[in-house]
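Accompanying notes for the structure given below.
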Amino acid sequence: MADAVLYEVTDGLATITINRPEAMNALNTEAKVALRDAAQAAAADPAVRAVLLTATGRAFCVGQDLKEHIGTLTADREAGTGQTMSTVSEHYNPLVRALTSMPKPVVAGVNGVAAGAGFGLALAADYRVVADTAAFNTSFAGVALTADSGVSWTLPRVVGPGRAADLLLFPRSVKAQEAFELGIANRLVPEESLASEALSVARALAAGPTVAYAALKESLAYGASHSLSETLDKEDELQSLAGASEDHAIAVQAFIAKEQPKYLGR
């Protein structure tokens, strides 16, 4: 992977680290390509059982690198090609699809500001561990753009449609405590504990029943856009898969023996 993004797999956990601290982890083309490729690699790797998405420096990710963007926008207008916003289809969409659809849990360790597409990346994770000094901002309308990186789908499901409209139409900084109260942050921790807490959560998930986690992730996404009757049928289908997993048998045997289960991820 490129230096703008670090990628490492250890003991079933893939750690993806945005590494442009000098630019508050703004997403230039190099970073977007590397993030997309890292997420897709983690999704496809059977050795990966969970993913930790985090960042270096004082920001999580401030979204699109506007310095690069304005240069591309100017060149695009002069050439009349209309390619500037192709980054949505080329980078953001496949990245968010990989994070949200991979059959393994994704943890975001939000160490600082998450704005625009950076907010979108945090929302694409299944669980967010957030430093008490972090903040979130939709930002899009502030630069005369609409939502991308899945925010128009993920944000209403986290905070409700009314609050999502407010945050999108009137962008503002949502501090960590409010983010926790709104459900944006699943776990709020002191800044100095963020790295260790996020890693601990991700490692616990990497050692857990991967098939069950995948089924839970799929059922939550399915239930968000289907009727109760359809969701009950989906739960039936997924429970059959989970019930046939080796991990379920291990869990039952450990329960009877009053021991801690050691899951295999299958």
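Miscellaneous remarks
- With 27 Å as the limit, the listed pairs K175/K262; K217/K262; K104/K234; K32/K217; K32/K262 have K175/K262; K32/K262 beyond it between alpha carbons.
- DSSP beta bridges in the chain [antiparallel fraction, %, rounded to 5]: 25 percent
- Nearest-20 debye value, region 165-266 charge dipole, Cβ charges on Lys, Arg, Asp, Glu: 300 debye
- For region 116-256: rounded, prolate or oblate by the Cα gyration tensor [a/c cutoff 1.5]: oblate
- Global form of region 150-217, assessed from the alpha-carbon gyration tensor, a/c cut-off 1.5: oblate
- For region 53-67 versus region 87-154, the gap between their alpha-carbon centres in whole angstrom: 11 Å
- Note: relative contact order over the chain, using C-alpha pairs below 8 Å and six or more positions apart, is 17 percent.
- Cα long-axis angle, helix 228-243 against the chain (0 to 90 degrees, to the nearest 10): 60 degrees
- Mean residue ellipticity, 222 nm, helices only, the chain: the sum of -39500 (n - 2.57) across DSSP H runs of n ≥ 4, divided by residue count and rounded to 500, is -14500 deg cm²/dmol.
- If you sort the three axes of the alpha carbon gyration tensor as a ≥ b ≥ c, you get a/c of 1.5 or more for region 5-206 and a/b no higher than b/c, which makes it oblate.
Laboratory data are not the source of any read-out in this text; all were calculated from the coordinates shown. For clarity, every value in this text was computed on a predicted model and none was experimentally measured. Note that each Cβ is placed from the backbone with ideal geometry, even for glycine, and that neighbours are counted across all protein chains shown.
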